[in-house]
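First up is the structure itself, then whatever we jot down about it.
The values are calculated or read from the model by the stated rules, or taken from the named source; none is laboratory data. The structure displayed is predicted, hence computed values, not measured ones. In this analysis, Cβ positions are derived from the backbone assuming ideal geometry, glycine residues included, and neighbour counts consider all displayed protein chains. Heavy atoms of the whole protein, side chains included, go into the accessibility calculation; ligands, DNA and RNA do not. Shrake-Rupley method; radii C 1.70, N 1.55, O 1.52, S 1.80 Å.
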Amino acid sequence: MKRRPLVWSACGVLLCLWVSCGRSSSSEAHAGGSRGAYAAGEPTLPEGMTVRPDVLLVAFTLRQEAESLEEALPRLKQAAEHYGAAAKGASPAGAVVRMGELEWVARKVGYSDVVAHGVLEVAMPESLDYWGREMLVAALARVADGEVSQAERANAGLIVAFSHPRARLKDPEHYREALIQQWARRTRTFISQVQSERAPLELIGCEPPVEVKQQPLSVNEVSLSLAGVSCRLGLAQP
């Protein structure tokens, strides 16, 4: 008589192995209320794999009031080039400005806002320690503040805005194979612990992970995990 396969969702049973199945979590400590002079939140460990980030990303927008697109574009170009030059001066390993979407937003009769979106990509050398990386963040924040102040003083219809610098890994796909091997080791360990001699288990119906997700923890750490990895456990066929 044939044995009916016994099937579980691997995404459920592998939770005890800290297999992310597409989710990641931050392990940043946070300050909390306390009766004492100093307090910090409970430390936690990130899921997946933790590596050192190699770039800082700053999103920015340049909004120029103008009567026409032809009038706005040269001003936006000048503002983007000025910001890029200032950021490169504050970044010993170099910085690159990547321009993105351009929007045309009606504002009032005879005038419109032309909005340019971009991202500043700043390299972080491996040799930089935690404090050196935080100094780089501070330098980029100072540059952004300077650009905002200059636009306000000029009073020429230009408004600039910048995000806080965030640490990222430029090529997370480089770690795909290592993450799959980590997932496989944890899965094999789980199978060996729950199967029996009379009911050996195997993975069936596996779907490959879609992407490598990254979650910044600090300027020194990024947590990587596999998104969309999915398998089922069934009785091994004789």
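Taking amide H as placed 1.01 Å from N in the peptide plane, the amide H of N220 sits under 5 Å from none that are at least 5 places away or on another chain. Counting charges near E121 (Lys, Arg +1; Asp, Glu -1) among other residues having Cβ under 14 Å from its Cβ returns a value of +3.
Among the protein heavy atoms of the stretch 168-237, carbon and sulfur supply 47% of the accessible surface, probe 1.4 Å, non-protein parts ignored. Which value in nm describes the separation of the simple spin-label points at E126 and E70, placed 7 Å from the Cα toward the beta carbon? If labels sit at E126 and E70, their model points lie 5.3 nm apart.
Note that the stretch 160-167 has calculated 3J(HN,Hα) couplings of 10, 9, 9, 7, 6, x, 10, 6 Hz, one per residue in order, obtained from phi through the Karplus relation 6.51 cos²θ - 1.76 cosθ + 1.60 (θ = phi - 60°); glycine and proline are x.
Among 97-107, 164-174, 220-230, the peptide with the highest mean count of other Cβ atoms within 10 Å heads the list, and the full ranking is 220-230, 164-174, 97-107.
Geometric descriptor of the stretch 92-238, per residue, is 171 Å³ (volume of the convex hull of the Cα atoms). Phi angles across the stretch 135-151 convert, under the Karplus curve 6.51 cos²θ - 1.76 cosθ + 1.60 with θ = phi - 60°, into 3J(HN,Hα) values of 5, 5, 4, 5, 5, 5, 5, 5, 4, 4, 4, x, 5, 5, 5, 5, 5 Hz, Gly and Pro given as x. Between R153 and A236, full extension at 0.36 nm per residue minus the direct alpha carbon distance yields a gain of 22.6 nm.
Put simply, the amide H of S230, placed in the peptide plane, has neighbours under 5 Å in E207, leaving out anything fewer than 5 places away on its chain.
Which part of the stretch 98-134 falls in the paramagnetic zone of R52, meaning amide N under 17 Å from the point 7 Å along Cα-to-beta-carbon? Only 122-134 pass the distance filter.
As an exercise, use a Förster radius of 45 Å and the Cβ-Cβ distance of A199 and A93 to find the FRET efficiency, rounded to the nearest 0.05. Between A199 and A93 the formula returns 0.20.
Amide H to amide H, with H built 1.01 Å from N, M124 comes under 5 Å of V55, L56, counting only residues 5 or more places away or on other chains.
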